[in-house]
Amino acid sequence: MTVVPYDPDWSRIFELVLNQISPVLSDIASEIEHVGSTSVPGLAAKPIVDVDVAVANRDDVYIAIRRLAGIGYIHEGDLGVEGREAFIPPIGLPQHHLYVCTVDNAEYERDILFRDYLRNHPEETKRYGELKLELAHQFPNDRVSYTTGKSDFVNEILKRAGWQRK
């Protein structure tokens with residue numbers, strides 16, 4: 001597990017991805033958001049930018065799947081997260097995770113709540129970064145234990161941010 005200190009270049013990578021996908025999705029995308037730890041200034045993270053594309057309805061999800069295929073993205077299915085479609089980026093773009101879902105998708109809502117809470121609470125950002133670095137050191141080859149080790153912190157932040165499980 002590789003977790004590194006915050007890199008301001010992650011914002012540039014998001015902009016690169018945004019410029020790649022916007023031309024084919026701008027008419028159906030309600031939002032295209034930089035999410036995950038790389039979207040929080042000062043937060044240590046696995047160095048892979050996460051991008052969520054939110055659309056109005058499932059029909060638009062299927063349109064997005066077709067259009068993204070046309071620019072080289074490979075659809076991976078939902079990878080176990082119902083209603084959120086994942087994609088492998090085309091060769092030539094920096095490695096990133098791209099997801100498409102509807103605006104009312106629970107995982108999308110969680111991503112935005114968590115990101116925005118951390119952006120507005122630097123003391124929690126610092127604590128979370130320290131926890132992630134510690135867990136990455138403790139479980140360098142065990143993603144499940146790394147993720148499990150973060151779950152209490154993540155759930156507490158989501159609770160503070162007003163997350164209501166659906």
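Name the single residue that is nearest to Met1 (Cα to Cα) among those in the range 143-166 being assigned to a loop (DSSP other than H, G, I, E, B) and open to solvent by less than 60 Å² (accessible area, probe 1.4 Å). Reasoning before the result, please.
We begin by selecting, within the range 143-166, every residue assigned to a loop (DSSP other than H, G, I, E, B); these are 162-166.
Next, from what is left, pick out any that are open to solvent by less than 60 Å² (accessible area, probe 1.4 Å): 162-163.
On the way: Gly162: 30, Trp163: 28 Å.
Among those residues, the one meeting the criterion is Trp163.
On the stretch given as the range 47-87, residues that are without any contact (Cβ under 8 Å) to a residue 40 or more places away in the chain, assigned to a strand (DSSP E or B) and within 23 Å of Arg12 (Cα to Cα) total 3. Taken over the range 106-121, the criterion of being over 14 Å from Asp50 (Cβ atoms) and either open to solvent by less than 40 Å² (accessible area, probe 1.4 Å) or part of a helix (DSSP H, G or I) (or both) is satisfied by Ala106, Glu109, Leu113, Asp116, Tyr117, Arg119, Asn120. His34 fulfils the conditions (1) in contact with a helix residue (DSSP H, G or I) (Cβ under 6 Å, 6 or more places away or on another chain); (2) at pLDDT 95 or above; (3) in a loop (DSSP other than H, G, I, E, B) except for a single criterion, (3). For the range 55-73, does any single residue satisfy the condition of being crowded, with 21+ Cβ neighbours inside 10 Å and under 14 Å from the mean Cα position of the chain (by Cα)? No, the range 55-73 has no match at all. Of the candidates Ile88, Ile28, the single residue that is open to solvent by 50 Å² or more (accessible area, probe 1.4 Å), aliphatic (A, V, I, L, M) and in contact with an Asp or Glu (Cβ under 8 Å, 6 or more places away or on another chain) is Ile88.
Taking residues in the range 22-42 that are closer than 17 Å to Val61 by Cβ and of a type in the set (D, E, K, R), and partners anywhere that are open to solvent by less than 40 Å² (accessible area, probe 1.4 Å) and in a strand (DSSP E or B), the pairs with Cβ atoms closer than 6 Å and at least 6 places apart or on different chains are Glu31/Ala54; Glu33/Asp52. Screening His97 on (1) in a helix (DSSP H, G or I); (2) buried (at least 18 other Cβ atoms within 10 Å of the Cβ) shows it passes everything except condition (1).
The values are calculated or read from the model by the stated rules, or taken from the named source; none is laboratory data. Bear in mind that the values here come from a model prediction, so they are computed numbers and not experimental data. Glycine also receives a Cβ, built like all others from the backbone with ideal geometry; neighbour counts cover every protein chain displayed. Heavy atoms of the whole protein, side chains included, go into the accessibility calculation; ligands, DNA and RNA do not. Shrake-Rupley method; radii C 1.70, N 1.55, O 1.52, S 1.80 Å.
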